[in-house]
Amino acid sequence: VQAYWSTAYQEQSGQAYQQIRTVKYSGQTSSGCGTASSAMGPFYCPNDKRVYIDKSFMDDMLTGQLGAKGGPFALAYVIAHEYGHHIEDQLGLLARMRTQQGPKSDSVRIELMADCLGGAWAKNAQTTKDAQGTQIIEDLTQDDIARAIDAAQAVGDDRIQKQSSGRVNPESWTHGSSAERVHWFNVGLKDGTIDACNTFAPGAL
């Protein structure tokens, strides 16, 4: 993911990409945003510029235990989503967040943009190489992409609310609906640019 953004971010924004670390842990660990635990799921912490991923989440995502079909590309997509938050941080968007809940809140826009940036990475993953010159993903199939989209649907606010309470309340959304998450992932997959992923643009939501 960073191999891609280190080139794409500079090309698209005119600024250098800031390399960060992915912290993999089991159970819990400390972060610049407080204690990280397996109950939180993966997250990006802007205070220490790190992506945190619990090992049990990675195992569950690979085996399809989270209500999604699972698989390695679905896991890669989730990681790419978290790095999307780092891109937003570099653009100054996270610092400007004000509204935390609601279908058109800053929080929802941030999450949908990260979905889109994950799609942008996926579009280019087949031609992106790591530091050793190895292609990141070979032979990306429609099934791989379908699994990633299914992972996005599985964590849509409406799907989670319906499973937990049987009701959907858009005013409490923080991530957007399943349909929105799929839509913005596909925008990134199709257009592959930061500009196309701008969920803060007038009329975007």
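The values are calculated or read from the model by the stated rules, or taken from the named source; none is laboratory data. Fair warning: this is a prediction, and the values are worked out from it, not measured in the lab. When we count neighbours, we look across all protein chains shown, and the Cβ atoms used for this are built from the backbone with ideal geometry, even at glycine. Calculation scope for accessible area: heavy atoms of the full protein, side chains included, ligands and nucleic acids excluded. Shrake-Rupley method; radii C 1.70, N 1.55, O 1.52, S 1.80 Å.
Using amide H atoms built in the peptide plane, which far-off residues or other-chain residues are under 5 Å from Arg50 H to H?
Cys45
Could you check the spin-label model distance between Asp130 and Gln12? Points 7 Å from the Cα along Cα→Cβ, value in nm.
Placing both labels 7 Å beyond Cα along the Cβ direction yields 2.3 nm.
Taking all protein chains together and a probe of 1.4 Å, list Arg98, Arg147, Arg21 from the most accessible to the least accessible.
Greatest to least solvent exposure: Arg98, Arg21, Arg147.
Can you give the net charge of the other residues whose Cβ lies under 12 Å from the Cβ of Tyr52, counting K and R as +1 and D and E as -1?
+2
Name the long-range amide H neighbours of Ala36: under 5 Å, sequence gap of 5 or more, or other chain; modelled H, no Pro or chain starts.
For Ala36, the qualifying residues are Thr29, Ser30, Ser31.
Let me cross-check Lys49: its accessible surface, 1.4 Å probe, with only protein heavy atoms counted, in Å² to the nearest 10?
Answer for Lys49: close to 60 Å² accessible.
Assuming a ≥ b ≥ c are the square roots of the Cα gyration tensor eigenvalues, decide whether the stretch 71-148 counts as rounded (a/c under 1.5), prolate (otherwise, with a/b larger than b/c) or oblate.
On the way: a/c = 3.50, a/b = 1.81, b/c = 1.93.
Oblate, since a/c reaches 1.5 and b/c is not below a/b.
Kindly report, to the nearest 10 Å², the accessible surface of Thr134 as traced by a 1.4 Å probe over protein heavy atoms only.
Surface open to solvent at Thr134 totals about 70 Å².
Can you give me the distance in nm between label points at Asn186 and Ser30, each placed 7 Å from the Cα along the Cα-to-Cβ direction?
Result: 4.6 nm between the two label points.
Just grab the label-to-label distance for Ser56 and Ala201, each label 7 Å out from Cα along the Cβ direction, in nm (one decimal).
Here the answer is 4.1 nm between the modelled labels.
Answer rounded, prolate or oblate for the stretch 6-151, using the Cα gyration tensor with square roots of eigenvalues a ≥ b ≥ c: rounded when a/c is under 1.5, else prolate when a/b is larger than b/c, else oblate.
Working: a/c = 1.35, a/b = 1.07, b/c = 1.25.
Judged from the Cα gyration tensor, the stretch 6-151 comes out rounded (a/c under 1.5).
Per residue of the stretch 185-193, in order, report the coupling 6.51 cos²θ - 1.76 cosθ + 1.60 (Karplus, θ = phi - 60°) as ³J(HN,Hα) in whole Hz, putting x for Gly and Pro.
Those phi angles translate into 4, 5, 4, x, 5, 7, 9, x, 10 Hz.
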